[in-house]
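The values are calculated or read from the model by the stated rules, or taken from the named source; none is laboratory data. None of these values were measured; they are calculated from a predicted model. Backbone-built Cβ (ideal geometry, glycine too); neighbour counts: all protein chains shown.
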Amino acid sequence: MSNANKIFLGSVHRVNPEQIERKSSVAVKSGMLAVIAGAAPGLFKPHDVAGASPGMHYVVKEPILGPVDYTWALTDSAAAYIAHSGEIYQMRLVPGTYTFDAALTSNGDGQLKVSNGTTDITVAYCDEYITTTAPLPFARVKFR
């Protein structure tokens with residue numbers, strides 16, 4: 001289980017990750033997989049389609065001077081990273097067993113879970129070995 005003090009963990013080749021800011025339509029937590037919904041400019045909301053991949057994916061980030069485990073309240077101006085291939089983030093995963101390079105998909109609530117390998121759309125990959133029955137604050141996840 002990852003315990004870094006930042007959501008964005010790399011790569012070393014990219015030290016200024018792209019970010020976007022929007023108000024949130026519901027409370028969103030740092031490390032969640034999010035999408036932008038609604039009329040332009042749109043609002044952040046947790047990715048809410050289990051096993052699917054509608055729209056562009058964003059990783060909700062921590063505030064600049066706040067803790068890494070942070071909840072952006074309804075209508076706050078939240079910030080998120082625009083995930084690119086090769087980047088590693090701390091993200092929220094549902095309890096379970098995860099192996100290195102396991103394909104991950106949306107759980108439908110902003111968290112990730114292991115892909116079923118058939119109908120689920122892979123969003124990212126696990127970057128560590130984890131077995132837990134309790135909710136994880138964060139785990140290392142990489143994007144392809």
Inset, instruction - For segment 24-32, state whether one or more residues are modelled with pLDDT under 95 and farther than 21 Å from P135 by Cβ. - result: yes
Legend entry - Filter result (touching a strand residue (DSSP E or B) at 6+ places or on another chain (Cβ under 9 Å), of a type in the set (A, V, I, L, M) and farther than 14 Å from I82 by Cα) within segment 31-63: A37, L43, V49, A50, A52
Legend entry - Some residue of segment 58-74 being touching a residue at least 24 places away in the same chain (Cβ under 8 Å) and within 14 Å of F143 (Cα to Cα): yes
Legend entry - Among residues of segment 115-126, those that are buried (at least 19 other Cβ atoms within 10 Å of the Cβ) and either closer than 11 Å to L93 by Cβ or among the β-branched types (V, I, T) (or both), counted: 3
Legend entry - Residues located in segment 1-23, provided they are at pLDDT 90 or above, surrounded by fewer than 13 Cβ atoms within 10 Å (Cβ to Cβ) and assigned to a loop (DSSP other than H, G, I, E, B): E18
